[in-house]
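Okay, structure first, notes after.
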Amino acid sequence: MKTRLWLLSGLGACHLGMVSMGAAQADISSWGPIGIPLAYYSILTGANTGYSFFSPAIGPQFRAYFQVEDRDGKAFTDTLEKGKPQEVTTKIESLVLLMGEAEDRPQLRRSVAASLSRKMFVKYPDATKVTVFFDVFDPPPLERYVEGERPAWENLYKATFVNKKSTAMRESHAG
């Protein structure tokens, strides 16, 4: 029984050592003949995953939201549908990421924004206008953060779409 306990404790300590090496982003595969099997073990168990919360190169985050205006002129904010199946959530997140990375493709941005605004018009049939906002949250490097710079959401893209059918209905009822 004691031998088994010592063996399991030793294996656990070795695994924690591999996790530490992964966090330090050490190149284990270059450790000679033992390095490659240890690197495979690291990959299979996830011990090679580095922790980069304070990394100097944290990437930006993107978000999308909508300002919807109804026939009465009331405006409210909505977001993309959450709580849907994981596949739908992943697709929506991919579209938002695409918007963030398509800086040099204004026609693509407009097409994606138009498509997403259409979803809001379907969700809210009485809507007359939908404004699509795409924002970016780009944390500054650690050095600038220490100097006092703080991250904030910045608008990356904004487009307004009008539902001509509901606008025409409102105008015909007004006259």
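The values are calculated or read from the model by the stated rules, or taken from the named source; none is laboratory data. Just so it is clear, the structure is predicted and the values come from calculations on it, not from any experiment. Cβ coordinates were reconstructed from backbone atoms using ideal geometry, including for glycine residues, and neighbour counts include every protein chain displayed.
Quick notes
- Of the numbered criteria (1) under 21 Å from Gln61 (Cβ atoms); (2) surrounded by fewer than 19 Cβ atoms within 10 Å (Cβ to Cβ), the one Lys164 fails is (1).
- Unmet criterion (only one of (1) under 15 Å from the mean Cα position of the chain (by Cα); (2) modelled with pLDDT of 85 or more; (3) assigned to a loop (DSSP other than H, G, I, E, B); (4) not acidic (Asp, Glu)) for Leu156: (3)
- Of all the listed residues (Gly148, Gly83), the sole one being at positive phi and at pLDDT below 90 is Gly83.
- The residues of region 119-146 that are in a helix (DSSP H, G or I) and under 22 Å from the mean Cα position of the chain (by Cα), listed by number, are Lys119, Met120, Leu142, Tyr145.
- If you check Gly73, Gly17 for being over 30 Å from Tyr145 (Cα atoms), in the same structural domain as Ala152 (by TED's automatic domain parsing) and more than 20 Å from the chain's Cα centre (by Cα), only one passes: Gly73.
- Filtered residues of region 117-143 (kept if surrounded by 13 or more Cβ atoms within 10 Å (Cβ to Cβ) and out of contact with any strand residue (DSSP E or B) (no Cβ under 6 Å at 6 or more places or on another chain)): Arg118, Lys119, Lys123, Asp138, Pro139, Pro140, Pro141, Leu142
- Taken together, the criteria place Tyr51 among residues that are exposed (fewer than 13 other Cβ atoms within 10 Å of the Cβ) and either modelled with pLDDT of 85 or more or part of a loop (DSSP other than H, G, I, E, B) (or both).
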